[in-house]
1. If amide H atoms are built 1.01 Å from N in the plane of the peptide, which residues on other chains or at least 5 residues away come under 5 Å of the amide H of A:Gly452?
2. For A:Asp3 and A:Asp40, what is the calculated FRET efficiency with R₀ set at 22 Å and r taken between the beta-carbons, to the nearest 0.05?
3. Across the stretch A:1-132, what fraction of all alpha-carbon pairs, as a whole percent, falls in each successive 5 Å bin from zero upward?
4. How far is the Cα center of the stretch A:200-223 from the Cα center of the stretch A:482-497, in Å?
5. Pop a pseudo-label 7 angstrom from the Cα along the beta-carbon direction at both A:Ser324 and B:Phe89 and give the gap in nm to one decimal.
6. Under the Kirkwood approximation for Rh and a Cα-based Rg, what ratio Rg/Rh is obtained for the protein assembly as shown?
7. I'd like to check one number: the per residue accessible area of the stretch A:128-236, probe 1.4 Å, reported in Å² as a whole number.
8. Please compute the volume of the convex hull spanned by the alpha-carbon atoms of the stretch B:6-45 and report it per residue in Å³.
Amino acid sequence: MTDVTRLSAAELADALAAGEVSSVEATQAHLDRIAAVDGDVHAFLHVSADDALATARDVDARRAAGEQLHALAGVPVAVKDVVVTKGMPTTAGSKILEGWVPPYDATLVERLRAAGLPILGKTNMDEFAMGSSTEHSAFGNTKNPWDLDRIPGGSGGGSAAAVAAFEAPLAIGTDTGGSIRQPGAVTGTVGVKPTYGGVSRYGLIAMASSLDQAGPVTRTVLDAALLHEVIGGHDPHDSTSIPEPLPALVEAARQGAGQDLSGVRVGVVRELTGEGYQPGVQARFDESLELLRGMGAEIVEVSCPSFEYALAAYYLIMPSEASSNLAKFDGMRFGLRVEPAEGPVTAERVMAATRGAGFGDEVKRRIILGTYALSAGYYDAYYGSAQKVRTLIQRDFAASFAQADVLVSPTAPTTAFRFGEKLDDPLAMYLNDVATIPANLAGVPGISVPNGLSDDKLPVGFQILAPAKADDRLYRVGAALEAALEKQWGGPLLAQAPELG
Amino acid sequence: MSTISRDEVARVAALARIDLRPDEVDRLAGELDVIVDAIARVSEVATPDVPATSHPLPMTNVFREDVPVPGLPVDDVMAGAPASEDGRFLVPQILGEE
């Protein structure tokens with residue numbers, strides 16, 4: 001038997017169904033891999049071996065009894081630590097929640113459990129998902145498996161690194177401004193931000209409620225579609241959840257793998273190429289466009305002039321919503337409580353002492369920014385103006401999708417940078433998200449597909465965007481590109497990654 | 001030159017209920033200028049004729065039947081509380097503050 005940790009989730013699912021391997025064996029193999037390499041990678045904040053093996057044993061027993069199981073039953077998954085898990089510690093990368101064990105499961109976790117996916121543990125992230133490098137975690141850096149001196153992207157660096165390092169075949173991420181797609185790009189993995197409302201936000205520790213969206217982190221496009229279909233769909237616990245059923249995502253991925261894109265119009269966003277993009281990133285992007293053209297796609301150029309205001313609008317809307325959402329961390333009902341060093345111990349002083357001690361620098365920064373933007377006299381000028389830019393960006397998308405079925409760009413302007421390189425320059429850090437943020441502001445879905453190595457031998461990602469509720473297009477075009485690239489490479493990109501351990 | 005003063009940062013931190021050390025106030029006073037730049041940028045195009053969008057997809061309010069459903073078990077909830085007593089959150093003094 002080959003090393004099961006190297007199989008894609010779809011391959012592992014087939015091996016489980018054929019009885020070639022048990023879920024207990026597959027889960028244990030991943031736990032062993034975590035034990036072997038996670039000391040170096042630090043993708044996990046918590047490993048839930050007992051919980052995962054219990055699920056695996058249950059799935060094996062039900063399979064042996066002839067029960068009809070979900071296609072992914074028995075395939076293990078890792079979950080970003082911003083998603084609450086009953087009986088399993090959940091910190092969102094923050095000291096203020098250290099040791100907290102949630103009393104309920106997020107809807108997407110319930111769905112993972114119902115489908116029989118063993119949960120390997122919780123992955124590292126920037127504190128409350130605020131960052132693009134995972135350096136803002138209160139519990140240490142996650143390393144990029146391609147080069148342990150470099151960042152794995154963020155905020156979901158742990159989920160991307162876990163999948164890239166073969167510690168898990170599947171993981172869950174969340175994406176507020178690019179936190180699934182940018183880590184995917186810099187670790188050579190696949191990441192999907194579904195349409196806003198496509199996956200329930202119930203049980204996600206919110207950063208910016210009008211932008212946050214959970215989605216799959218995987219090594220193949222088909223695996224992402226399989227996982228997306230498990231976690232997606234309507235949830236009455238989330239009033240922003242889309243009531244209609246998901247499009248046929250797995251079917252679209254299988255269709256795309258046939259490498260026929262005849263009649264598909266691919267729009268290159270003029271404002272998201274060229275200047276500011278590393279030459280190797282741009283070169284791989286141009287080559288991928290030629291591959292799409294070779295499969296029959298028609299390449300057109302579209303212009304989205306308002307995208308240049310997206311970053312500024314995002315940095316008004318996101319902190320405003322975050323400052324409001326994070327008010328719940330007050331030391332009264334859950335998590336850390338710190339009493340003031342001197343003076344009377346009143347509730348208000350305990351709240352301020354707790355938040356001063358429990359939040360890290362970037363979280364304090366964004367709460368202060370958001371509180372300022374929302375404070376009396378500023379609300380209309382700040383939050384209100386940013387919401388107008390949101391309208392303009394939606395109009396740009398609407399006009400572009402009239403000319404093209406999908407829009408494309410590089411996912412991130414550069415490959416993974418070294419630790420500390422951008423930590424003291426928040427603006428440089430934010431520029432990582434320049435290509436991913438417009439999708440969050442407009443609610444449209446996006447995927448990042450690994451499309452090669454830059455001149456520095458580090459992975460690069462290709463972003464595909466589709467209209468709201470047309471997530472299937474991401475999977476069709478993404479799977480086609482992946483198949484064409486792997487034919488050139490003679491295998492997956494991750495086969496070129498250095499061995500760990 | 002920062003346009004947001006130390007005093008302003010301290011005032012906003014008090015609104016946000018976050019104790020900041022003096023060095024944190026100094027650093028944030030410099031960094032908050034980013035928001036002034038952001039607003040200047042956004043104002044270039046956020047003209048009165050453009051409607052605001054609060055939400056990515058058009059939404060209407062969601063209603064459900066007013067049927068009671070069980071909440072979380074009290075003991076499970078209190079297990080995560082910093083302090084509790086008799087199934088209730090135990091909090092510091094909230095009355096009599098100035």
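1. A:Val460
2. Numbers: r = 18 Å, r/R0 = 0.83.
After rounding to 0.05, the efficiency reads 0.75.
3. Computed distribution, short to long bins: 2, 11, 20, 21, 19, 14, 8, 4, 1, 0.
4. 26 Å
5. Taking the two extended label points, one gets 2.0 nm.
6. Values: Rg = 23.3 Å, Rh = 24.3 Å.
Looking at the protein assembly as shown, the ratio lands at 0.96.
7. Numbers: 1400 Å² over 109 residues.
With the other protein chains kept in place, the stretch A:128-236 gives 13 Å² per residue.
8. Numbers: hull volume 2.5 nm³, N = 40.
Measuring per residue, one finds 63 Å³ for the Cα hull of the stretch B:6-45.
The values are calculated or read from the model by the stated rules, or taken from the named source; none is laboratory data. Remember, predicted model here, so these are calculated numbers, not experimental data. Heads up, the Cβs are rebuilt from the backbone with ideal geometry, glycines too, and the neighbour counts pull from every protein chain shown. The protein model used for the area step is the full one, side chains on, heavy atoms only, and it has no ligands, DNA or RNA in it. Shrake-Rupley method; radii C 1.70, N 1.55, O 1.52, S 1.80 Å.
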